[in-house]
1. Scan the chain and hand back the longest stretch that contains none of the GluC sites (Glu not before Pro) lying in DSSP loops with at most 13 other Cβ atoms within 10 Å.
2. Hey, can you grab everything whose amide H is under 5 Å from the amide H of Y74? Only 5+ residues off in sequence or another chain; H modelled, so Pro and N-termini drop out.
3. Given H placed 1.01 Å from N in the peptide plane, which residues other than close sequence neighbours of G91 have an amide H under 5 Å from its amide H?
4. Output the direction-averaged projected area (hull surface divided by four) of the convex hull of the alpha-carbon atoms of the chain, in nm².
5. Return the distance in nm (one decimal) between the two label points of a simple spin-label model at D52 and N195, each offset 7 Å from Cα along Cα→Cβ.
6. For the stretch 172-250, place one equal point scatterer on every Cα, skip the solvent, and apply the Debye formula. What is log10 of I(q)/I(0) at q = 0.24 Å⁻¹?
7. Which of these, G205, G123, G147, has the largest mean-square fluctuation under a Gaussian network model of the chain (Cα springs below 10 Å)?
8. With springs connecting C-alpha atoms under 10 Å apart, model the chain as a Gaussian network and identify which of N42, N146, N115 has the largest mean-square fluctuation.
Amino acid sequence: MLLNSSYLNSQTINFTIDTAVDENTVSITETIGNGTDTYTLNVEHPGNEELDELTSGDFIFYLSTGGTVALQPYTISITKNNNPVTFTLNGVDYDTLEAGSISITNQDDAEISANKLYAIGSGALTFTNTTNATGISAFKIVPNSNGELNDFGFHNIQVEISNVLNVDNNTLSTKGIMIYPNPTEGLITIENSSNTPLKEVQIIGLNGRLLKSYDFSSENKELNLDYLSSGIYILKINTSKSSISKKILIK
C-alpha cells in the first residue's frame, strides 16, 4: 500500500564532502543549506578519519587508522535542522589507493551493496538491493575481513529526503485526537475525545510502504513501536469515512 502523495515531497541532496569539517574526534560532518533548511551529514568511525584533497577543492574522507579498528564500518546518518531524518540513498562515489573489497548495509544490516572487489581507480559503488536503501535512518560502509576500508576514500553521497508534516514536541492534536509523546522512544498513546469512531491505525514508512496495521476499537490505544529503527514514520488513523496522518519521530 502506498501513502497518498499529498503527504510527501522530497529534496535531493548531494554531499560532496568538499566543505566537510573534521571534528577531530570520531566524526566528520558536512552541512548544506537548502532554502530555510539545514542538512548535516554525519560520518562516524572509532578510528582516525581524515579529509584529503584529491584536486583543488575536491575532497574525500578516508580512514588512516590500521589494526583491528579498521575492520569496523563507517556509520553515516543525516539530520535536518538538527533532527534525525530518514532518507533514500541513491549513490556513493569512491576513490581507491589500492584494490579492495567493501559492502554497504542499512542501519538494520540489510544489504544495499554486496561485497565487491573494486580495482584501483574511481567511480560509483554498485548497489545490488535498492529496496534496502529506501526509507533508512543510516547506512554503513563495511570492510571485508582484511580491513580494506583503508584503501578507499568516499565523497558525493547522494540522498533523497522526504518532507512530511512537521513533528511537534510533546502532543499532537487534531479534531479531538491526541497522539503523544512525540518524539518517542517507542510507546505512543492515541486518545480519541471526538465523536468519530476510529477504525484502524497504520504505521507507514517514508517510502510510502505500509509497515503494520492495528485495529482501533476503543477510545484510547497504546502502541509499542520499539520494533522500529530510529527515524521518522507516518502514523495514519482511519475512520469509516476519512483519515488523518501525522509524522512521528522514533528516537
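Read the figures in this text as sums done on the coordinates, not as results from a lab. As the structure is a computational prediction, the values presented were derived from the model and not from experiment. Cβ placement follows ideal geometry from the backbone for every residue including glycine, while neighbour counts extend to all protein chains displayed.
1. 99-184
2. Correct list: I141.
3. Amide H to amide H, under 5 Å and 5 or more residues apart or across chains, G91 pairs with Q158.
4. Working: hull surface 57.6 nm².
For the chain, averaging the hull's shadow over all directions gives 14.4 nm².
5. Between D52 and N195, the label points sit 7.0 nm apart.
6. Calculated log10 I(q)/I(0) at the listed q: -1.23.
7. Answer for the Gaussian network model of the chain: G123.
8. Result: N146 has the largest fluctuation of those listed.
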